[in-house]
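This report concerns only the one structure given below.
The values are calculated or read from the model by the stated rules, or taken from the named source; none is laboratory data. None of these values were measured; they are calculated from a predicted model. Neighbour counts run over all protein chains shown; Cβ positions are idealised from the backbone, glycine included. Each accessible area value is taken on the protein alone, full model and side chains, heavy atoms only, with ligands, DNA and RNA left out. Shrake-Rupley method; radii C 1.70, N 1.55, O 1.52, S 1.80 Å.
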Amino acid sequence: MRLKDKVAIITGSANGIGLEAARRFAGEGASVVMADFDKEKGKERERELQKDGYDVIFIQVNVADRSSVDSLMDRVKEEFGRIDILVNNAGITRDAMLSKMTVEQFQQVIDVNLTGVFHCAQAVLPAMKEQAKGKIINTSSVTGTYGNVGQTNYAAAKAGLIGMTKTWAKELGRKGINVNAVAPGFTETGMVAEVPEKVIDQMVGQVPMQRLGRPEDIANAYLYLASDESDYVNGHVLHVDGGIMM
Ligand code: CAA
Ligand code: NAI
């Protein structure tokens with residue numbers, strides 16, 4: 001059991017990569033808080049996972065809203081008394097070419113994908129500092145390092161996350177808190193389902209492994225960075241993308 005007795009909050013875990021991570025973390029002995037905006041899916045997944053014997057609870061949160069994030073953290077502290085792991089996995093896309101992107105599309109993505117991560121990380125700090133140990137994992141993207149047509153907003157947020165990850169690694173390392181990022185390549189979830197097929201084919205063609213990522217590929221990377229096995233890994237960006245970035 002690689003996460004025995006750990007309390008983990010995974011944002012955006014009602015679907016996709018986060019859902020797989022919730023299952024994986026709980027399977028390794030963690031108590032998992034599935035924190036997501038999508039209440040319907042979140043409750044449904046909570047029931048399914050609990051039925052399978054996993055220790056998970058769903059709490060609705062909007063990571064872009066500071067008061068919603070603060071109530072999430074208060075509730076987790078109340079229920080579990082500690083917070084060991086935060087996976088900042090929630091994310092959205094609002095793709096458009098630069099010439100057509102609205103200010104609202106730009107801002108929505110920054111609010112959720114960048115400011116949301118700031119809110120969640122700042123809100124778990126008191127608990128992690130008190131414990132003198134903690135793991136914060138941020139979800140960047142191949143788009144954050146490589147750029148991608150139609151993703152000005154998303155690229156800005158995901159590149160920004162890398163800067164925040166390295167800054168927090170420097171600030172918090174001496175407090176016993178590790179901060180790292182995972183940068184997935186295109187991965188089979190609802191998020192890529194709307195991408196035109198020709199863009200997917202073009203992307204897969206550039207991946208040395210010649211396939212899309214699977215949610216479990218990314219969840220395994222989260223698991224490593226959440227476990228004690230990575231205690232001396234700090235400020236790292238782990239590319240889980242079949243080798244597209246090297
Ligand atoms: N590379 C090069 N050129 C491209 C391109 C690409 N990937 N995609 C589109 N273009 C070109 C088109 O060929 C077209 O060229 P012409 O004007 O010369 O004909 C021009 O750009 C405009 O393209 P569209 O007609 O598609 O423009 P649109 O306004 O209808 O749509 C778009 C634009 C919404 C960005 C659409 O192209 C799209 O959805 N693209 C996919 C964006 C994408 O990859 N999103 C990733 C989502 S998954 C995710 O975000 C996870 C992650 O972390 C990677
Ligand atoms: P997904 O769309 O399947 O899941 C994202 C989850 O985030 C959803 O459950 C959604 O309800 C939740 N969410 C959205 N806004 C929220 C908010 N304001 N507050 C709380 N929860 C919110 O997407 P996927 O693919 O599982 O993405 C997970 C993470 O991985 C995201 O950060 C995404 O940007 C990143 N990523 C995904 C890639 C892919 O190809 N699927 C590639 C690289 C990075």
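Relative contact order, percent, of segment 5-85 when contacts are C-alpha pairs under 8 Å separated by at least 6 residues?
RCO, segment 5-85: 31 percent.
Go through segment 148-246 and name the GluC sites (Glu not before Pro) that are in a DSSP coil and have 11 or fewer other Cβ atoms within 10 Å of their Cβ.
Of the GluC sites (Glu not before Pro), the ones in loops of segment 148-246 whose Cβ has at most 11 other Cβ atoms within 10 Å are GLU194.
Round to a whole number: what % of the accessible area of segment 125-244 belongs to carbon and sulfur, probe 1.4 Å?
Heavy-atom surface of segment 125-244 belonging to carbon and sulfur, 1.4 Å probe: 53 percent.
Compute the long axis of helix 116-131 from its Cα atoms, compare it with the longest principal axis of the Cα atoms of the chain, and write down the angle in degrees, 0 to 90, nearest 10.
30
Evaluate E = 1/(1 + (r/R0)^6) for LYS175 and GLU197, where r is the Cβ-Cβ distance and R0 equals 45 Å; express this FRET efficiency to the nearest 0.05.
0.45
So if I take the centroid of the Cα atoms in segment 1-61 and the same for segment 155-194, what is the distance between those two points in Å?
That distance is 20 Å.
Take the solvent-accessible surface of the protein heavy atoms, probe 1.4 Å, and return the percent of it on segment 1-77 that carbon and sulfur atoms account for.
It is 42 percent, rounded to a whole number.
Along segment 160-171, what does the Karplus equation 6.51 cos²θ - 1.76 cosθ + 1.60 (θ = phi - 60°) give for ³J(HN,Hα), rounded to whole Hz, x for Gly and Pro?
Going residue by residue, I get x, 4, 5, x, 5, 4, 5, 5, 5, 4, 6, 6 Hz, with x marking Gly and Pro.
Say the cut-off is 22 Å between C-alpha atoms; which of LYS129/LYS166; LYS77/LYS170; LYS4/LYS41; LYS41/LYS158; LYS4/LYS170; LYS39/LYS129 go over it?
From the list (LYS129/LYS166; LYS77/LYS170; LYS4/LYS41; LYS41/LYS158; LYS4/LYS170; LYS39/LYS129), the Cα-Cα distance tops 22 Å for LYS77/LYS170; LYS4/LYS41; LYS41/LYS158; LYS4/LYS170; LYS39/LYS129.
What's the local net charge at GLY160, with K and R +1, D and E -1, over the other residues with C-beta under 13 Å away?
For residues surrounding GLY160, the net value is +1.
Can you bin every Cα-Cα distance in segment 1-62 into 10 Å intervals starting at zero and give me the percent of pairs per bin, rounded to whole numbers?
Calculated over all Cα pairs of segment 1-62, the distribution is 29, 59, 12, 0 percent.
Considering only protein heavy atoms, what per residue accessible area in square angstrom results for the chain with a 1.4 angstrom probe?
47
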